[in-house]
Amino acid sequence: MSDPAYRDVPASEAQQGLWLLRSLGREPAPRCRTYRVVGDLDVAALAAAWRSLVDRHEGLRSALLARDGVPVRRVWERAGKRAFRLREGGRGKAAEGHQGPVADGGPDLVGVPTGARMTVTAFGPKEYRVHVAVPRAFADDDFLDRLVEELSELCAGQPLPAWAPGADAGAGAAGTDPETPETSETSETSETSETSEIPDTPGTPEAAEIPGTPEAAEALAWWVKTLTPLPSELPLPADHPRPERASGRWGEIHAPADARLGRAVAHCAEARGSDPFTVLLTAFQVLLHRYTGGDRVAVAVPVSSGTPGAGANVLILPADIAPGHRFEDVLDRGTATTAEAMARRDVPLARVLGALPVVRDARRVPLSEVVLDYRDRPRPVPSLPGAVVEPCPEHGGPAPADLVLRVDDGAGGPAFTLLYDADQYRPATARMILRQFRTLLRHSVRSPEVMVGELALDSPGRAARALGRADRRAEGGAPRHTSVEAIRRQAERDPDAVAVDGPDGTLTYRALQDAASRVAADLRAAGVRAGDAVVVRQPVGVRQYAALLGVLAAGAHVSWSGTADSGDRGRAVLEALKPAAMLVAAGTTAAPDAADASPAHAEGPHASGHDELVDWYRATIGGRVVTVAEPGPAPAGSALPAPPRLTDRAYVAFTSGTTGVPKGIAHLHGTLAQFAAWMAAEFEIGPGVRVAQWVAAEHDPALAETFAALGSGATLCPVPAKIRANPERLLDWLAAERVGVLQTVPSFARELLRVLTERRSAEGLGTLRVLLLMGEALPGELAEGLLKALPLVRLANLYGPTETVAATWYPVRRGRPPRGVRAATAPPPPAQIPIGHPIPGRGVLVVDPSGRVCPAGVTGELVVTGPYVADGYLGVHDHAAFTRLPHTDAPCYRTGDLARRRPDGTLEYRGRKDSQVKLYGSRLELTDVEAALGGHPAVADCAVLANADRDGLATRLVICVVPRHRPDGTPEGSPSEWRAHLRRRFGRSLLPALYRTLDRLPRTVTGKVDRPRLAREVAAAERDAVARRPAPGTETELAALWTDVLGTPPSHADQGFFAAGGTSLLVPRLLHQIRQRFAADVTAPQFYAHQSLAALAALVDRIR
């Protein structure tokens, strides 16, 4: 039987936004109510009552369709047969479908669900499940409450009164207490087709809602002003990045009602002249501020329209927050903002977003990642004659945002439900967020005068347990002997085992000991004494290890330098260290007339080598240059000093120096021995294991790697210099050398993975057991690719600055999809692999600027504590980084790195506190560059950005300059002048760099440079710099369609649709015209991925 007749009416702006979400595959689930009914249910009477309601409210028999690319609302004249369905059920859950009459009449109208629906499932003669579903475009919670009440009245035979709008959302009460029982938290994860977003549906057609009226213009202007500058992006403590295509999985965490908390919230609201809703909103905003550090935090709040058949509108409510603000002050400002916003609640969200320069992303609605959904009254339960009715939990669809905090605030206090996107969050993280919100809320309402940075997120007991997990200083035990002694004992146990297998030969442990003794004797003969510094400056080969061990055997401490470390840095290192001697390869010479008191050995592969740094050292420092001869025993009768002690200095490593003069960091034998022993034990380095040394000599991990291998009886295999940077040749070398352990950096590991992928085989790498990655952030997808390509290899991520040798590590394991989740829809790997947990002997804390330990989820500075932290820098450098924390008496190093803890205590790296980046292996402080450039007379203002590749590694600097102007208005200076100015300070370490001149720098509400916005403006400027006119053919024809839709042509082929003035509501119309003109069915997700004219034209050409 056919459906009733219908009419089509224009859709509201918000309903058009919902249509677009449907086109993107993210249609919000309908609003649902489900009840268990036991007794003599009159199903026929219930069906008649429901049909009467559908006939009474036209929103219950409406659907969103599209005609000629424009969304319309189709309204059926009366309820169709599909508005009610009776089905027989087993013991399973009743069907919760919401399909109504299905329209036909063209490609835009096929298979579209229409109207509200009631499904009654009979489980037995007196047991039923009643499920009601209404499309969100035509119902808010207040309207659904009213439907339930009207259904009860009709079933009781009472006439229905005229419609009376419900009370406004945002009025109610709430409350809890620290003495209440711990949150009862349960989690449930469901799977649906796609993740939905918050609906942009309208309220009543008040004057403020009708476009073109003065009231509407004033209301929109207020919203634009209130949301300018745009709220901060929210890097929430998610476990996974937002996927390109959502799976629709979601979960819920619940906390029961708490009457004490409700009373405390109500009392705080009354004292501050506010209301419970705004108190809860402010607490939520403060929590988000604590997580993200954002100084402008916004939360999306759905509000009831009060009109039957209209969906809820959504308000974006911002708050300006700094750690030093008091909670009560933030609440007072929020109360005023909320009152103003509620007075303009009828402006559709779609219109507000269309007036703001927001970033369009097909995966989310702008500014709406986090939602607070507040109810201040209980949901009604239908009264059905002859039956007992009780509500059932709702599982109507995915969370309409990344995080949704639902608050049901009744007489028993507020009950909380946190809905979360299971693609991004694990249940443990969601539990943490809800628990910390309740803790912060308790503290803030009881002590509103406390600054937001001091509000507790965890109970004292939980905080103490977290602090205990972060402190491993007492674990592992102190080393019993030095690495020098460990190598000597290995030589006694197995003297003929191969210690070093290099490109220039091999050394057994006996030969290594003999060669080291000879080097020690030569150093003593050259005047080196215990406690002196000696530089080892040699090419890759077996002799460099004899030199290292010989320096330590002589009682001196070593600084290992690569032969390429020349120029200013090399001289600065020698100037700071003032070594008593320098060990060089046989054949390396100083100036021709420079005498050398050390033994002369002219033979060797570098017989004609000349090293200018040696000249400088000899002339300026006045030290001795000692050549390392062919390995052999020490001369007879040569006396060696007593072996070094654990408390003696072992080595000095230097920073790169790109942030100024290289800083020397000294470590003791005890520190070196402790870490080397841990590394060998943890990664099973020992006899029979061959360890590749890829790390360059001037980087301190090379020393730890060397002594971990040699101190445990393994064989060290230095990578030949000529293949070190060649991934193809290195993989072949690893196979040929039967290497078992390799340590490298993630950026080079990606090159190795690329070659392995091209070869489609890891054949020959069967002996490789351990791959250690350090020195850079480890992207999750790179780790996943390595695990797949090397299934037998153990992968670990190591973290630690030179000042601590190393601090944390994380074993990277093969991920498994969550229980009940198909592998194809499993969450993506994390954007970055965690840096893990402290290495034994170290404590690793995350602290805020005041030195307080940060709770889990909150980003702060990493501080390493313990006996193996260096005691400062050599010389007169600033030692502030080694200032001890107020709550600990242990040595500390403030790394300047940012991190946060996961709920289980695992550490995640979050970047640099001081804008320091690594550019092609060299540390660079962006604020130093800004300060240096700011000193140029032609520069009025400047900011420096670091462009990153897909792994988050810096590849290029973008230097943005606001030039000063001459009296005639022309700008002073030029990129060539600024480049030359900076090179005098930083050398060539700034390359590659791009210079952009701007009229001004965008700034946040607190006056800071708005770096995300600046990055977007620079990216747009780069696109405009290469702008071209639309090419003949598809681009020109498509430009004409843009002109028709936007009323103005695109300025160039690379201009984006939204940059040209388009809004999301115009997208369906444009796609319809493309379909008509080119016979190309471009989907909304495809459009969002190809927003520029050129990209969209190329897509059209591919698919038509």
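Derivation of every value follows stated rules applied to the coordinates shown; laboratory data play no part. The model shown is predicted, which means the values in this text are computed figures rather than measured ones. Cβ coordinates were reconstructed from backbone atoms using ideal geometry, including for glycine residues, and neighbour counts include every protein chain displayed.
Electrostatic tally near A576: other residues with Cβ closer than 12 Å to its Cβ, Lys and Arg +1, Asp and Glu -1, net +3. By other beta-carbon atoms within 10 Å, ranking M451, M342, M774 with the fewest at the front produces M451, M342, M774. Over all other residues within a Cβ to Cβ distance under 14 Å of A938, the charged ones net out to 0, with Lys and Arg as +1 and Asp and Glu as -1. For the stretch 1-87, a Kirkwood hydrodynamic radius built from all Cα pairs, placed in the Stokes-Einstein relation at 20 °C and 1.002 mPa s, yields a translational diffusion coefficient of 142 µm²/s. In this structure, the amide hydrogen of F84, modeled 1.01 Å from its nitrogen in the peptide plane, lies closer than 5 angstrom to those of M118, counting only residues at least 5 positions away or on a different chain. The phi torsions of the stretch 1036-1050, fed into the Karplus equation with coefficients 6.51, -1.76 and 1.60 and a -60° offset, translate into couplings of 5, 5, 5, 4, 5, 5, 4, 4, 5, 7, 8, x, 8, x, x Hz, rounded to whole numbers, with Gly and Pro shown as x.
Give the order of K81, K663, K913, K722 when sorted by the count of other beta carbons within 10 angstrom, beginning with the fewest.
Working: K81 13, K663 23, K913 17, K722 10.
Lowest count first: K722, K81, K913, K663.
Around the amide H of S232, modelled in the peptide plane, lie the amide H atoms of R296, V297, A298, all under 5 Å away and 5 or more residues distant in sequence or on another chain. Using a cut-off of 15 Å between beta-carbons, work out the net charge of the residues near G476 (Lys and Arg +1, Asp and Glu -1, G476 not included). Spelling it out: positives minus negatives among the neighbours equals +1.
For the stretch 398-539, state the semi-axes of the equivalent ellipsoid (square roots of 5 times the eigenvalues of the alpha-carbon gyration tensor), sorted largest first and rounded to whole angstrom. Present the calculation step by step, with values, prior to reporting the outcome.
Details: eigenvalues 809, 89, 47 Å².
Result for the stretch 398-539: semi-axes of 64, 21, 15 Å.
Ranking of V626, V38 by neighbouring Cβ atoms within 10 Å, starting from the fewest: V38, V626.
Full-extension gain between E492 and E977, please, as 0.36 nm times their residue separation minus the C-alpha to C-alpha distance.
Contour length minus the Cα-Cα distance gives 168.2 nm.
The stretch 417-455 and the stretch 708-735 have Cα centres lying 49 Å from one another. An oblate overall shape is assigned to the stretch 653-781, the ratio a/c of its alpha-carbon gyration tensor axes (a ≥ b ≥ c) being 1.5 or greater and a/b not exceeding b/c.
Checked against a 23 Å cut-off, the cross-linked pairs K578/K663; K663/K722; K663/K913 give Cα-Cα distances beyond that limit for K663/K722. In sequence order, the stretch 520-527 has phi-based couplings of 4, 5, 4, 5, 4, 5, 7, x Hz under the Karplus curve 6.51 cos²θ - 1.76 cosθ + 1.60, θ = phi - 60°, and Gly or Pro positions carry x. Taken one residue at a time, the phi angles of the stretch 690-702 give Karplus couplings (6.51, -1.76, 1.60, θ = phi - 60°) of 9, 10, 6, 10, 8, 5, 5, 4, 6, 9, 4, x, 4 Hz. Gly and Pro are set to x.
Kindly rank 435-442, 1036-1043 from highest to lowest mean number of other beta carbons found within 10 Å of each residue. If you can, show how the numbers build up before the last one.
Details: 435-442: 23.5, 1036-1043: 17.9.
The densest-packed peptide leads the list: 435-442, 1036-1043.
In this structure the amide hydrogen of L778, modeled in the peptide plane, comes within under 5 Å of the amide hydrogens of I833, none closer than 5 places in sequence on its chain.
When the chain is fully extended, how far beyond the present Cα-Cα distance does D732 get from E612, taking 0.36 nm per residue of separation? Please list the in-between numbers first.
Working: separation 120, 0.36 × 120 = 43.20 nm, distance 3.50 nm.
Computed gain between D732 and E612 is 39.7 nm.
Checking the cross-link filter: which aspartates and glutamates have an alpha carbon closer than 16 Å to that of K225, excluding same-chain neighbours under 8 positions apart? Straight-line reach from K225, under 16 Å: E215, D320, E340. Shape call for the stretch 1034-1103 from the C-alpha gyration tensor, a ≥ b ≥ c root eigenvalues: rounded (a/c under 1.5), prolate (a/b greater than b/c) or oblate? Rounded shape, in that the Cα axes give a/c under 1.5.
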